[in-house]
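One structure is given here, and the rest of the page talks about it.
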Amino acid sequence: MDNPELSRSLRLQAASCRNLGSPFHGDLLDHAAEDLEAGGPVAAVLTPWAQADLRKLFDDAMPLRLLGGLHDLVLSGDVPALAATYPRSGRGADAALAWIAARAAIIRHQDRLAAFMTHEPQTNEVRRSVCLAPGLLTLAQETGLPMRTFEIAASAGLNLNWDRYRYRFGDVAWGDPAARVAMDTEWTGGPPPVDAPVEVIARAACDRRPVDLTDPVQRRRLLAYIWPDQFERMDRIRSAIDLALALEVTVEAADAVAWTARVAAPQAGAVTVLYHSVFWQYMPADSQAALARTIAEQGARARPDAPFAWLRMEPAPDQMTNMEVRLTLWPGGQDRVLAEVHPHGAWVKWLN
Ligand SMILES: C[S@@+](CC[C@H](N)C(=O)[O-])C[C@H]1O[C@@H](n2cnc3c(N)ncnc32)[C@H](O)[C@@H]1O
């Protein structure tokens, strides 16, 4: 395959994996790029991108599809020779050895891998709850009301259980100490209001393409996009999935704009919160404008005994890497940035 952009995109993603804490995937992608440049078998699963430019390869997240497909083969248990070379809790791995097994798996399971790679990567990052929860605590503190929480673009709905997790925010903690899912973060700034009275009286979520956790294939696909040498992240999402299954969490298949208009109207006696994380950029500009209008309309219906809040964790303006947690509260529409945060919740700079 003579498209040089393919190996370029593999190498760019390799560097990004290393920066984001997955040296194993970084090295594996460099081996994949070498294989491609030498005319090796990896080219066979990249044929849908044979003519793609770098922009298209980035938009499609082609290298993440390849990594996800290989990890899915590992998690399926069907390719023990590959699984034996992958990192496992407490045990690192040699990416050169893993690539030898991956190369054999690509030849043997080419159709299965190609089929996996037709899906756009879809994740659900549980640790984003450590960024959203302080905002929800702030709302509980400031309104003193029970909460109705509505999440849009919720993927598998794992962050719908934000109040069932245990958090450490620097020197303070919040949540059930016996919670199955616990997380901390590198916290700077004053403490969030951990004494706030939190009572969630309604919760619901939607996604354009929800991940159905009761389907073993979809569940495994969600895990496959977690980088295998990020053991803590893997353990956390497994525990969060178990909890979501036990609680029968569901995510409705719906577009964010129509769903927000239909379900998220404010109601007396509670604060109604619409929230989302890392989703805004996936909507075309006209949908962004329609959603902003719909949210403003719900805000205009708010009353002092029926406030409406919009909480979101999205890239800060002019920022490629860091994100901010922003809160708008009606009546009044007061808007403020509560925190700057790492995209996966590794650190939180609390500004409130
Ligand atoms: C990067 S994922 C983030 C998922 C989750 N919020 C999290 O932080 O882990 C983006 C999600 O947005 C969903 N999505 C994109 N456009 C949407 C739309 N118009 N309506 C509903 N969901 C949408 C995708 O299906 C995907 O699950």
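Quick grid of which residues meet (1) modelled with pLDDT of 95 or more; (2) open to solvent by 20 Å² or more (accessible area, probe 1.4 Å); (3) closer than 30 Å to Asp94 by Cα; (4) touching a strand residue (DSSP E or B) at 6+ places or on another chain (Cβ under 7 Å):
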| position | (1), (2), (3), (4) |
| --- | --- |
| Asp215 | yes, yes, no, no |
| Gln218 | yes, yes, yes, no |
| Ala240 | yes, no, yes, no |
| Ala268 | yes, yes, no, yes |
| Leu274 | yes, no, no, yes |
| Ser277 | yes, no, no, yes |
| Ala289 | yes, yes, no, no |
| Ala296 | yes, yes, no, no |
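Take the conditions (1) within 16 Å of the ligand (Cβ to nearest atom); (2) open to solvent by less than 70 Å² (accessible area, probe 1.4 Å); Tyr282 misses just one of them, which is (2).
Can you tell me which residues in region 79-119 are closer than 26 Å to Glu37 by Cβ and within 16 Å of the ligand (Cβ to nearest atom)? Let's see the steps before the verdict.
Our first condition is that a residue be closer than 26 Å to Glu37 by Cβ; within region 79-119, this holds for 79, 81-82, 85-87, 93-118.
Scanning region 79-119 gives a single hit, Thr118.
Keeping to region 333-344, report how many residues are part of a loop (DSSP other than H, G, I, E, B) and modelled with pLDDT of 95 or more. Please lay out each step first, then the result.
Taking region 333-344 first, the residues part of a loop (DSSP other than H, G, I, E, B) are 333, 342-344.
Then drop every residue that is not modelled with pLDDT of 95 or more, which leaves 333.
Number satisfying all stated conditions: 1.
Six or more apart or on different chains, Cβ atoms under 9 Å: show the pairs whose first residue is in region 247-270 and under 14 Å from Ile152 (Cβ atoms) and within 13 Å of the ligand (Cβ to nearest atom) and whose second is modelled with pLDDT of 95 or more and open to solvent by 80 Å² or more (accessible area, probe 1.4 Å). Close Cβ pairs (under 9 Å, with a partner that is modelled with pLDDT of 95 or more and open to solvent by 80 Å² or more (accessible area, probe 1.4 Å)) amount to Ala253/Arg208; Ala253/Arg209; Ala254/Arg208; Ala254/Arg262; Asp255/Arg208; Ala256/Arg208; Val257/Arg293; Ala261/Glu297. Tallying residues that are part of a strand (DSSP E or B), of a type outside the set (Ser, Thr, Tyr), open to solvent by less than 60 Å² (accessible area, probe 1.4 Å) and within 16 Å of the ligand (Cβ to nearest atom) within region 164-213 yields 5. Quick one: would you say Thr85 is out of contact with any Cys (no Cβ under 8 Å at 6 or more places or on another chain), part of a loop (DSSP other than H, G, I, E, B) and open to solvent by less than 50 Å² (accessible area, probe 1.4 Å)? The answer is yes for Thr85. Going through (1) within 9 Å of the ligand (Cβ to nearest atom); (2) at negative phi one by one, Arg293 falls short only on (1). Looking at region 150-161, can you tell me whether even one residue there is surrounded by fewer than 22 Cβ atoms within 10 Å (Cβ to Cβ), more than 16 Å from the ligand (Cβ to nearest atom) and modelled with pLDDT of 95 or more? No, there is no match, as no residue in region 150-161 is surrounded by fewer than 22 Cβ atoms within 10 Å (Cβ to Cβ), more than 16 Å from the ligand (Cβ to nearest atom) and modelled with pLDDT of 95 or more.
The values are calculated or read from the model by the stated rules, or taken from the named source; none is laboratory data. All of these numbers come straight from a predicted model, not from anything done at the bench. Glycine gets a Cβ as well: all are built from the backbone with ideal geometry, and neighbour counts include every protein chain shown. Accessible surface areas use protein heavy atoms only, side chains included; no ligands, DNA or RNA. Shrake-Rupley method; radii C 1.70, N 1.55, O 1.52, S 1.80 Å.
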